[in-house]
Amino acid sequence: MNIIIAGMTCSGKSTLANLIASSFSDVTILREDDYMKDLKDIPHLRSYYLLDLPRAYETEEYLKDSITLIKEGRVLYPTYDVRNNKRIEKKEIKVRGDINVFEGLHTIDILERIPGTLKVFMDIPIDICLQRRISRDTKEYGLDEDYIRRYFKEIIESIYWSHIYEQKKKADIVIEKESDIQCLLKKL
């Protein structure tokens, strides 16, 4: 089974992928975030990098590697160093079982043509995503809360509505609350 999880930043995509991995044996996860371009190659507007745009990622490479993983059961995939904003190495992962999870902001758009996929969209309220982003970015990256709020309001929300939200229409399952996650896990 192949599961694609898309949604806004800090909507719970990685958390859901990890929950699936901990609920079932033999799960492989391929994250779109590992395919982010080096910071110098990411588009920017004023002092903001446009990290949530599809152009910030090596989408063709992500698609190719996803297909390789499904067909061949192994793939060399990049690792992204968030602290230094660059790709650092490629590692090999092997399919250990029957469930492959592909997660990221744009994964439904990137992988929608792969047959036999279950497409999940995380439709969590924006204010919850903002609070999660503040919590993560202040703790992990030492960013200022006011900066995070401005960046979120000025950049992330507009990119969400113009590039990410439309994937909801293509989803087989839409997650809006915690109980939806439990229903999904029962269906798997």
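The values are calculated or read from the model by the stated rules, or taken from the named source; none is laboratory data. None of the values given here were measured: they were computed from a predicted structure. In this analysis, Cβ positions are derived from the backbone assuming ideal geometry, glycine residues included, and neighbour counts consider all displayed protein chains.
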- Looking at (1) touching a residue at least 12 places away in the same chain (Cβ under 8 Å); (2) in a helix (DSSP H, G or I), can you tell me which one Lys153 breaks? (1)
- Query: Out of the residues in region 156-181 that are free of Cβ contacts under 8 Å to residues at least 24 places away in the same chain and among the polar types (S, T, N, Q), which is surrounded by the fewest Cβ atoms within 10 Å (Cβ to Cβ)?
  - Reply: Ser179
- Item | region 82-119, subset polar (S, T, N, Q) and within 21 Å of Ile5 (Cα to Cα), residue surrounded by the fewest Cβ atoms within 10 Å (Cβ to Cβ) | Thr117
- Exclusive hit being under 25 Å from Ser22 (Cβ atoms) and modelled with pLDDT under 95, set Tyr141, Tyr151, Tyr80: Tyr80
- Among the listed residues Ser11, Ser22, which satisfies the condition of being among the small types (Gly, Ala, Ser) and over 13 Å from the mean Cα position of the chain (by Cα)? Ser22
- Query: Failed condition for Lys169, given (1) farther than 27 Å from His44 by Cβ; (2) more than 19 Å from the chain's Cα centre (by Cα), with all others met?
  - Reply: (2)
- Item | Breaking point among (1) hydrophobic (A, V, I, L, M, F, W, C); (2) under 17 Å from Phe152 (Cβ atoms); (3) touching a Phe, Trp or Tyr at 6+ places or on another chain (Cβ under 9 Å); (4) modelled with pLDDT under 95, for Leu30 | (2)
- Task: Tally the residues that are crowded, with 17+ Cβ neighbours inside 10 Å, farther than 17 Å from Glu89 by Cβ and charged (D, E, K, R), restricting the search to region 23-78.
- Result: 2
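In region 36-77, which residues are of a type in the set (S, T, N, Q) and modelled with pLDDT of 85 or more? Break it down into steps so the answer makes sense when it comes.
First, pick out the residues of region 36-77 that are of a type in the set (S, T, N, Q): 47, 59, 66, 68.
Scanning region 36-77 gives Thr59, Ser66, Thr68.
Mind counting the residues in region 113-150 that are outside any helix (DSSP H, G or I) and either closer than 12 Å to Cys10 by Cα or of a type in the set (S, T, N, Q) (or both)? So that I can check it myself, show each step before the final result.
So the first thing to find is which residues in region 113-150 are outside any helix (DSSP H, G or I), and the list is 113-125, 142-144.
After this cut, where a residue has to be either closer than 12 Å to Cys10 by Cα or of a type in the set (S, T, N, Q) (or both) as well, the list is 117, 122-125.
Selection size over region 113-150: 5.
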